[in-house]
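Contents: one structure, followed by commentary.
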Amino acid sequence: MKAKIHFLGGTGTVTGSKFLLETIKHQLLIDCGLFQGNKSLRLLNRAPLPLDYSKLSAVLITHAHLDHTGYLPVLIKNGYKGPIFMTSPTVALAEIILRDSAKIQMEEADAANRGNYSKHQPALPLYTLHDVEQTLNYILDCGENEWISLAKDVKFRFKRNGHILGSSYLEIDILDKKLVFSGDVGKQESLYLSSPSVPEQADILLLESTYGNKSHPKTSPKDQLQELINKTIQREGDIYIPCFAVGRALEIMLLIDALKKENKIPHIPVVFDSPMGAEAIEATAKFPDWHQLSNMELIDLNKEAYFVRNIEETYSIIDRKKSKIVIAGSGMITGGRILHYLKAGIENNNNLVILPGFQAEGTRGKALLDGEPEIKIMGKYYQVKAEIARLENISGHADQEELLNWIASFRFKPKKVILIHGEKDAGHALAEKINEKFRITVALPNLNDIIEIN
Ligand SMILES: [Zn+2]
C-alpha cells in the first residue's frame with residue numbers, strides 16, 4: 001500500500017466534506033464539514049467517524065463554510081490535538097461560523113428539552129461554545145502559495161479558488177504523487193473576488209461537482225433583481241432573501257447598493273438580519289489582498305443596510321408594514337433568522353422569496369423551488385402563497401462549463417479525476433463530460449469508500 005483516500009463525507013451530497021488521506025506513516029484529514037439537509041444526512045453527524053484520532057497528524061481546511069469546517073469541534077472533543085491548517089481569512093471566518101454553529105446547536109438542544117420533542121433525554125448539542133474555543137487553539141494560519149512540510153515526503157500549499165474570502169484549493173505532494181483537492185471552485189467572474197487560480201498538474205484531482213449538471217444562465221443577476229424588487233414594491237410586498245451569511249450576502253448587498261445608486265430601485269430599507277454576516281463583512285475589510293473591494297465600497301455597504309442585533313429587533317421589523325428587503329440566513333432555510341420572517345410572510349401573496357444559492361435535497365429551500373404548496377417551520381405547516389424566485393447566476397460555484405474549462409487550463413491534464421461534493425445526478429453528468437472531453441478516468445466514490453493511490 002502506498003496511499004489511500006477514505007471518503008468520510010461529501011459523496012453523493014454537497015455537505016459533510018471529509019477526506020482522509022492515509023499512508024503507512026501519515027494520516028491527513030482534508031476538510032471537516034457538517035452534514036446538512038435531510039434527517040438521514042444530519043444523523044451522520046452523530047455517528048462516530050471510522051478514524052483513529054491518535055494517528056491523525058494534520059487537518060487541512062479549504063474554506064470556512066460550515067459544510068467544510070463544522071465538524072472540527074467534534075474532532076477536538078474526541079481527543080484530536082494536532083494542527084488544523086487554513087489560510088488567514090479562513091481562520092477569521094471559521095471563528096465566526098463555528099461560534100454561530102455552537103450557539104445554534106445549544107439553542108436547539110435547549111428548545112428540544114423544553115418542548116420535550118427529542119428522543120434523547122436530555123437532548124445534547126453536538127458541541128458547545130466551549131468546544132469551539134478549544135478548537136480555535138489548534139488552528140494555524142498559512143499564507144497563500146506557501147509550501148508547508150509535514151514530513152520529508154509530505155508537503156502542501158493553498159492556492160485561491162474564488163469561492164469565498166480565503167477559499168483555496170489544496171496541492172498536496174505525498175510520497176511521489178501530486179494530489180489536488182479543488183475545494184469549492186468559484187465562478188470565473190465574481191463581484192468581489194479574483195478568478196480561481198489553476199494548478200499546473202495533478203496525478204489525482206479531487207473535484208467538486210455541485211453544479212456538475214447545470215449551466216448558469218447568462219442573464220444578469222442585477223437586472224433580474226431589479227425587476228423582482230420593483231414588481232414586489234409595486235404590490236407593497238416584502239422581499240426575503242435567504243442566503244449564506246458568508247459570501248453570498250455580500251454579493252447581494254453589492255447588487256442592491258448599485259441598483260439604488262443608479263436609481264433603478266426605490267430607496268426602501270434593507271435589513272441584514274445575521275450577526276454572523278455583519279462580522280463576516282468586518283472580516284473582509286481586514287484582508288484587502290484577498291478581494292477587490294475598496295474600503296469606500298465596504299463602508300458604503302455598512303451604511304446601506306440596517307444590521308439587526310437581537311431577536312427582539314427581528315420581531316419589531318416583522319411588524320413594520322412598509323415594504324422592505326430582508327437578507328437573512330440560512331441559505332437553504334434549514335435554520336436561522338429567516339425562519340421568523342417566513343413564518344410571518346410566506347402566506348402573503350404580495351411577498352417574494354428570492355433564492356440565490358444552491359438548494360440541497362431535503363431542505364426547505366429546495367421544497368420552495370420545487371413549488372411545494374406548504375412548508376413546515378418550527379413544528380407548524382404554512383401555505384406557500386408568496387412568490388418564489390431563483391436568482392440566477394449569483395452562485396459561488398463554477399457551473400459545468402466552468403469546471404471543464406478549469407480542468408482544460410491545467411498545463412498538464414490531470415491523470416485521474418475523483419468527483420466529490422455533488423449530488424448523484426450532478427456527479428454522473430460531469431463524469432460523462434470529463435471522460436468525453438479529456439479521456440480521463442473518473443471515479444465517483446460513495447460514502448466510506450476507499451480509493452488506493454498507486
Ligand atoms: Zn463553500
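Applying both filters, DSSP loop and at most 14 other Cβ atoms within 10 Å, to the chymotrypsin sites (Phe, Trp or Tyr not before Pro) of the stretch 325-423 gives F412.
In which sequence would M276, M332, M106 go, from the one with the fewest C-beta neighbours within 10 Å to the one with the most?
Fewest to most other Cβ atoms nearby, the residues stand as M106, M276, M332.
In this structure, Q292 and N405 have a Cβ-Cβ separation that, at R0 = 25 Å, corresponds to a calculated FRET efficiency of about 0.75. By the count of neighbouring beta-carbon atoms within 10 Å, fewest first, V180, V59 end up ordered V180, V59. Taking R0 as 30 Å, what's the FRET efficiency between F412 and K218 from their Cβ-Cβ distance, rounded to 0.05? The formula returns an efficiency of 0.45 here. Charge tally for S17 (other residues, Cβ to Cβ under 14 Å; Lys, Arg +1; Asp, Glu -1): -4. Between I451 and E146, the modelled labels are 3.0 nm apart [label points 7 Å from Cα along Cα→Cβ]. In the chain, the calculated helix contribution to ellipticity at 222 nm averages -9500 deg cm²/dmol per residue, counting -39,500 (n - 2.57) for every DSSP H run with n ≥ 4. A cut-off of 5 Å between modelled amide H atoms, ignoring neighbours fewer than 5 places along the same chain, links N393 with no other residue.
With Cα atoms defining each centre, the stretch 389-407 and the stretch 189-233 are spaced 4 Å apart in the structure.
By other beta-carbon atoms within 10 Å, ranking C142, C243 with the fewest at the front produces C142, C243. Of all alpha-carbon pairs in the chain, indicate the percentage at a distance above 38 angstrom. When every Cα pair of the chain is considered, 21 percent fall beyond 38 Å.
Put a dot 7 Å past the Cα of R309, heading toward its Cβ, do the same for E108, and the two dots end up 2.8 nm apart. Here the scattering of the stretch 221-390 is modelled by Debye summation over its C-alpha atoms, one equal scatterer each and no solvent; at q = 0.09, 0.11, 0.15 Å⁻¹ the log10 of I(q)/I(0) is -0.28, -0.42, -0.80.
Every read-out reported here was derived from the displayed coordinates using simple, explicitly stated rules and does not represent laboratory data. For clarity, every value in this text was computed on a predicted model and none was experimentally measured. Every residue, glycine as well, gets a Cβ built from its backbone with ideal geometry; the counts of neighbours run over all protein chains shown.
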